[in-house]
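The structure appears right after this line, and notes come after that.
The values are calculated or read from the model by the stated rules, or taken from the named source; none is laboratory data. These figures come from a predicted structure and were not determined experimentally. For neighbour counting, all protein chains shown are included, and Cβ atoms are generated from backbone atoms with ideal geometry for every residue, glycine included.
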Amino acid sequence: MTIKVFGDSHVGALRRGWEHLRNAGDVASDIEIEFYASDGRYWLECDVKETETGFHISQRRKGGDTLEDYVVRKNDDTYFLSSPLHSAPLYRNRVWKTCCPWACAEHHDDLQALSSSVIESWADHQVRHRIQMIDKLRAGGISLVVIEPPKPLKRTPKMFGIRPDVLITASSIYRNYVSGLIGERGIPIVRTPDETYEDTGFTKSVYAPKNMKDYHHGNVLFGALVMKKIIHFASRATCD
Amino acid sequence: MSKDVTFYDSQPDKAFWRRAVGNRHCSQFESLAREALDLGSAKIATAGSCFAQHIGRALRARDLQYMDYEPAPAFLSASEADRFGYSVYSCRYGNIYTVRQLWQLFQECFGSRKPKEIVWESNGRYFDAMRPGIEPEGFGSPDEVLALRKSHLACVRRMFEDLGVFVFTMGLTEAWTHVEDETTYPISPGVIAGKYDAQKYRLDNFRYQSIRDDFLAFADGLRSVNPHARILLTVSPVPLAATATDEHVLVATTYSKSVLRAVAGDLASDIDYISYFPSYEIIVGHPSRGMFYEPNLRAVCPAGVEQVMSYFFADNPKAGSTHKDKRTVDAASVAEDEGYEHCEEALLDKTET
């Protein structure tokens, strides 16, 4: 069984988690996993071209450089994509210094309430190329699964001067909305493991990276938990 | 033999039709407004019927202190912000067609009025009945409507307290009113959302005295929270999309606009902090021969808007020149390209063929 994990920088923690599991002898030896990660900005305007053998996904950064295309092959492999549910670009936005999602407006009279539709409109614009990519891969018969990144870190609100419940609510609205877009296409989602976050919605400190400047990635323990879910999902899919 | 001296001998050129109008092109009038408000240093807010959107855009594009007290979140594109009713006016209240609506909004802002029916439903989505056009697909729940309204009212309250000049465009005399608590809506229930019920709502066609009383009550209220506030009135030249009266729509339009024009003029004559700017006359007056209307004879074409604003700023030399703010330019180009403005009332003729 070969599992392909590709997408944004959150793939880094998954790779380290996988190495951790493999070194600990915690996974079956016949599993092969290939990782491909690039900066999340390369996925914002991704484009897909179909060939006889697969799909070439362009890796261009607006106003920046171009990476070699990522190639999704037409075979029986399952591709796990990390990127569409990455909510950090929204929840760290400076808009939240003066505004808040309506659902938490009751506690923030000094902030201007925003409707869910307004936030979803931003989300639509943000993920439109990735949703188009998903549609093309799905239409081409590719087995695709989307991976949810870690919930926001507890340190993040302070780093960006945003109130914790405002940040968490914004993140949730984004993830719920984009999950809906993915779900209505019949694409499964590997959810953030329940044990990695608190009731407040923030990632538990034990799953946060040591680098205190990092505001959104998970650490190796987080990666290992997600990889277990991915392997479980892939095994089940193979059995089915 | 000396000529008789008459009162008119001392009247300026603008008082004589031949000199002021008959011998001039409609773009060459002078001294149209009786007095020019000093807009140079004032914080300016706009509200009113859909034509007021053009005034707001033009003010925003100048180096003036145009107020946007409920701004779009910066992550929205200009076109999306416009779609959600941001930056159309100084706050996100949508079109305020009647003076009654304005007065009730003011009262609600300052806690002396609470409408009985705020939420309208349509196809499982929810709308703010007082501004049903601001969220094109509606809100997800009644709670969301109420949370956004509370936040909106706080923005409007601050706007009323801070403004220097309030530019208000009177639009309609006809409106639908809730019979129990007298709340007046900008659009008939059932057009965007809600359900028309003859037992629950009634048509009001406001007359001169009630419009004047409402405006004076509003103006008194405004001055009580903002003693230095000044008001600039205009009347929308956009005809009614439909009338709910028995009259022909042309007759109903003439009635509405005549009453509004009379109220605006008298208020400006009677109250020292109220002025009138004749955008209505510039567009509707027969010297323009109807050329400032689109072929449907209702929408004002971009040249008409430009004409109005050129007079507006000619009388306000301190208004400064236009500047190129990206969002402003984008929003202006959207409106100009499509001849588009937000107008809930225009939805009334959606069943016409």
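Among residues of the stretch B:30-41 that are at pLDDT below 75, those with a Cβ under 6 angstrom from a residue that is part of a loop (DSSP other than H, G, I, E, B), sequence gap 6+ or separate chain, pair up as B:36/B:315; B:36/B:316. Applying the criterion of being in a loop (DSSP other than H, G, I, E, B) and more than 23 Å from the chain's Cα centre (by Cα) to the residues of the stretch B:191-205, the residue that is nearest to residue B:180 (Cα to Cα) is B:200.
Condition (residue is over 15 Å from residue B:76 (Cβ atoms) and without any contact (Cβ under 8 Å) to a residue 24 or more places away in the chain) applied to the stretch A:82-94: is it met by at least one residue? No: the stretch A:82-94 contains no residue that is over 15 Å from residue B:76 (Cβ atoms) and without any contact (Cβ under 8 Å) to a residue 24 or more places away in the chain. Filtering the stretch A:50-69 for residues that are free of Cβ contacts under 8 Å to residues at least 60 places away in the same chain, within 10 Å of another protein chain (Cβ to nearest Cβ) and under 19 Å from the mean Cα position of the chain (by Cα) leaves an empty set.
Matching residues to (1) touching a Phe, Trp or Tyr at 6+ places or on another chain (Cβ under 9 Å); (2) closer than 17 Å to residue A:101 by Cα; (3) not in a loop (DSSP other than H, G, I, E, B):
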| residue | (1), (2), (3) |
| --- | --- |
| B:47 | yes, no, yes |
| B:59 | yes, no, yes |
| B:79 | no, no, yes |
| B:86 | no, yes, no |
| B:94 | no, no, no |
| B:113 | yes, no, no |
| B:131 | yes, no, no |
| B:144 | yes, yes, yes |
| B:152 | yes, yes, yes |
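Within the stretch A:107-154, how many residues turn out to be in contact with a Phe, Trp or Tyr (Cβ under 7 Å, 6 or more places away or on another chain) and among the acidic types (Asp, Glu)? Of the residues in the stretch A:107-154, 1 are in contact with a Phe, Trp or Tyr (Cβ under 7 Å, 6 or more places away or on another chain) and among the acidic types (Asp, Glu). Scanning the stretch A:132-154 for residues that are surrounded by fewer than 18 Cβ atoms within 10 Å (Cβ to Cβ) and within 19 Å of residue A:10 (Cβ to Cβ) gives a single hit, A:154. For the stretch A:94-110, which positions are more than 8 Å from chain B (Cβ to nearest Cβ) and either more than 25 Å from the chain's Cα centre (by Cα) or buried (at least 23 other Cβ atoms within 10 Å of the Cβ) (or both)? Within the stretch A:94-110, A:96, A:98, A:100, A:101, A:107, A:108, A:110 qualify.
Scanning the stretch A:74-93 for residues that are within 14 Å of chain B (Cβ to nearest Cβ), surrounded by 20 or more Cβ atoms within 10 Å (Cβ to Cβ) and within 30 Å of residue A:50 (Cα to Cα) yields one hit, A:87. Counting just the residues of the stretch B:268-281 that are assigned to a helix (DSSP H, G or I) and under 16 Å from the mean Cα position of the chain (by Cα), which one comes out surrounded by the most Cβ atoms within 10 Å (Cβ to Cβ)? It comes out as B:279.
On the stretch given as the stretch B:110-131, residues that are surrounded by fewer than 18 Cβ atoms within 10 Å (Cβ to Cβ), free of Cβ contacts under 8 Å to residues at least 60 places away in the same chain and not charged (D, E, K, R) total 5. Restricting the stretch A:120-131 to residues that are within 14 Å of chain B (Cβ to nearest Cβ) and crowded, with 17+ Cβ neighbours inside 10 Å, the residue that is farthest from residue A:220 (Cα to Cα) is A:121. The single residue among B:81, B:147 that is buried (at least 21 other Cβ atoms within 10 Å of the Cβ), in contact (Cβ under 8 Å) with a residue 60 or more places away in the chain, in contact with a Ser or Thr (Cβ under 9 Å, 6 or more places away or on another chain) and within 12 Å of chain A (Cβ to nearest Cβ) turns out to be B:81.
Residues are listed down the side, and each one gets a yes or a no for (1) within 14 Å of chain A (Cβ to nearest Cβ); (2) surrounded by fewer than 22 Cβ atoms within 10 Å (Cβ to Cβ); (3) β-branched (Val, Ile, Thr):
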site: B:157; (1), (2), (3): yes, yes, no
site: B:181; (1), (2), (3): no, yes, no
site: B:184; (1), (2), (3): no, no, yes
site: B:195; (1), (2), (3): no, yes, no
site: B:202; (1), (2), (3): no, yes, no
site: B:206; (1), (2), (3): no, no, no
site: B:213; (1), (2), (3): no, yes, no
site: B:220; (1), (2), (3): no, yes, no
